[in-house]
Amino acid sequence: MSEYQTEGDFDLSAEALWTAIRDFGEVSWLPGNPVFSSEGDGPGMIRTIDASPIPTVREQLDAIDDAEHTIHYRVIQGLPMPVTDYSASMRVIDAGTGHCRLRWSCRFEPDGVSEEEAQSRVAGMYRSVLRAMKKNLEER
């Protein structure tokens, strides 16, 4: 099992970022103006994200912890990277007045590529999403 973790700093309060992350079915902060929908509410809910040209992705919320500002989820269909068994967590950390940090980590199995290639592809996706997320949320 491979693991990857990254962090991104935001010029937002921890509560503001947590509000965006906690709403698992709403992902307008993703790059490319994705079309999204959700089924259910709370742990077990599924969000569907269509951000063409990548495949439609379905993710399931496994757990949410309001005290720790953490969600855990997994991709159940449409992984846009050469990996399987992908699960992730996002945690919002207060960094002082009007600032916070997002710690995003995942676990996965490389699928048809080396571990180094899988890590590189996952890291590239995270960089792209964090950049868009920061821009989209800070401009609201």
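Some points to look at:
- The relative contact order of the chain comes to 30 percent, based on Cα pairs under 8 Å that sit 6 or more residues apart.
- You can think of it this way: the chain between Arg127 and Arg58 has 22.8 nm of extra reach, that is 0.36 nm per residue less the Cα-Cα gap.
- Net dipole in debye of region 1-71 [+1 Lys, Arg Cβ; -1 Asp, Glu Cβ; about Cα centre; nearest 20]: 360 debye
- Restriction of the GluC sites (Glu not before Pro) in region 62-140 to DSSP coil positions whose beta-carbon has at most 13 other beta-carbons within 10 angstrom yields Glu68, Glu139.
- Assigned charges on the beta-carbon of Lys, Arg, Asp, Glu; the chain dipole about Cα centre (debye): 340 debye
- Relative exposure of Leu79, Leu17, judged by other C-beta atoms within 10 Å (fewest first): Leu79, Leu17
- Built amide H within the under 5 Å cut-off of His69, gap 5+: none
- Cα-based helix-to-principal-axis angle, 115-138 vs the chain, degrees rounded to 10: 30 degrees
- Built from the Cα atoms of region 26-130, the convex hull projects on average onto 7.2 nm², one quarter of its surface area.
- Listed from fewest to most Cβ neighbours within 10 Å, the set Thr6, Thr97 follows the order Thr97, Thr6.
- Label zone (Asn33, point 7 Å along Cα-to-C-beta; backbone nitrogen cut-off 20 Å) within region 40-77: 48-57.
- Share of pairwise Cα separations in region 96-140, more than 16 Å, in percent: 51 percent
Bear in mind that the values in this text are calculations on the coordinates, not laboratory data. This is a predicted model, so every value here is computed, not measured. Cβ atoms come from the backbone with ideal geometry, glycine included; neighbour counts cover every protein chain shown.
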